Every structure is written in C-alpha cells, then in structure tokens.
1. Taking the condition of a type in the set (Gly, Ala, Ser) and modelled with pLDDT under 75, does residue 26 pass?
2. Residues being part of a helix (DSSP H, G or I), of a type outside the set (Asp, Glu) and touching a residue at least 12 places away in the same chain (Cβ under 8 Å): count how many of those fall in the range 73-124.
3. Here is a check on your reading of the model: is residue 63 within 22 Å of residue 126 (Cα to Cα) and surrounded by fewer than 16 Cβ atoms within 10 Å (Cβ to Cβ)?
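The values are calculated or read from the model by the stated rules, or taken from the named source; none is laboratory data. Worth saying up front: this structure is predicted, and the values here are computed from it rather than measured. Heads up, the Cβs are rebuilt from the backbone with ideal geometry, glycines too, and the neighbour counts pull from every protein chain shown.
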Amino acid sequence: MAPSDPPKAKNKSLLIGVSVLFVAVAAGGGVAIYLLRDWSAPAKARKLQNPVPATDESIAAGKMVYTHRCASCHGEKGDGKGEKAGELSVDPTNFTDAHEMSLSTDGELFWKISEGHRPMPRFKDKLSENERWELVNYIRAFSAPRENP
C-alpha cells in the first residue's frame, strides 16, 4: 500500500490561504496609512501670501466656486456636513471652527485646494490660480467674527 499525500495537499492549501490573507491585510493597511496620514502643506506653501484681497467681490466670486465645487461635501454652511459627507472615508473640514481655521495659513489652504488629498480632488487643473485664492477668501469668511448690527 502506498502512503497517501493528504497532509501535503492540506499544507499547500493552508500556505495559499495564509498568503492571500497576508496580501489582503498588507493592502488594507497600506490604504489605511495613506488615508490617515497627516496632510500637511510644505513650508514653502505655508509662507505663500494671498495676492487677492478679501473684498466683497473676491468673496462673492469664491462663493460661486465653493457652491459649485465644494458645498456637496463641506456643506452649504461650511460646517463639513454636505450631502455627500457621509459617503467619504474622512470627514470634510469644518470651516466654521475658528480655532482650527486659525491654525492654517492662506498659503496652506491654497496648497490643499490645489493639490487635493483623497477623497478631495486636486483643483490645480480645474480652477485658475485666482479662483483658488478667491476660494480661500470665501472659506475664511465661514470662521470670521460676525459684526453685530
């Protein structure tokens, strides 16, 4: 009688299963690290000065861009509660949080708008430089102190 080989078949099957599991965990971990990593602008971007004055006109122009490109995720009120916010892998920024907004320079906001970071798209190729600066001016308006009438 010849000895049977079922232990070798089981070992091969187990090795394949462990290999598939390892690849799945590694891929998932890579995605998680990518999505959770810090989204910091480079020092050069932090130092950029906004060349577009925050006038009523530039803020109104930024609002037009925001309404068309940003409100669905960041919310009409800039609070990060847009209609698509729940579908995203990360919460959109709440532009109404004055403290958090004070931690970013105009240059950082401009860089983030320009470069994007999943799930936010890159707008460098979709909006002009002037439109992106106007958008920074409008975004700043969400956390600006309100004047009492």
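1. Working: of a type in the set (Gly, Ala, Ser): yes; modelled with pLDDT under 75: yes.
The answer is yes for residue 26.
2. Matching residues across the range 73-124 total 13.
3. no
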